[in-house]
Amino acid sequence: MPARYRPGSTALDRAAGHGQGYKYPHDFEGHYVPEDYLPDALVGERIYEPSDAGFEAELAARRAANDAKKRER
């Protein structure tokens, strides 16, 4: 796991670089940052595919918007 995703809870952790560069999603508009938190082997893998029925349609729209944000960076 990259150091930026490790908790920087103590001075020793922060000295080791833990938590540096981490973008806390709730500090950003829409509570989203275009980061990949998965191991490299899983980046881009689709684990869940929402249907076009009910609330899943909204989830699909949100995912499409987030995917567009990732492509912008």
Per the list (1) surrounded by fewer than 10 Cβ atoms within 10 Å (Cβ to Cβ); (2) assigned to a loop (DSSP other than H, G, I, E, B), residue check on Leu38 breaks on (1)
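Going through region 41-64 one residue at a time, which ones are assigned to a helix (DSSP H, G or I) and not small (Gly, Ala, Ser)? Outline the logic, then answer.
As a first pass, look at region 41-64 and keep what is assigned to a helix (DSSP H, G or I): 41-42, 55-64.
Leu42, Phe55, Glu56, Glu58, Leu59, Arg62, Arg63 - these are the residues of region 41-64 that are assigned to a helix (DSSP H, G or I) and not small (Gly, Ala, Ser).
Values in this text are rule-based calculations from the coordinates and carry no lab data. Source: prediction; values computed, not measured. Here the Cβ is made from the backbone with ideal geometry for all residues, glycine too, and neighbour counts use every protein chain on show.
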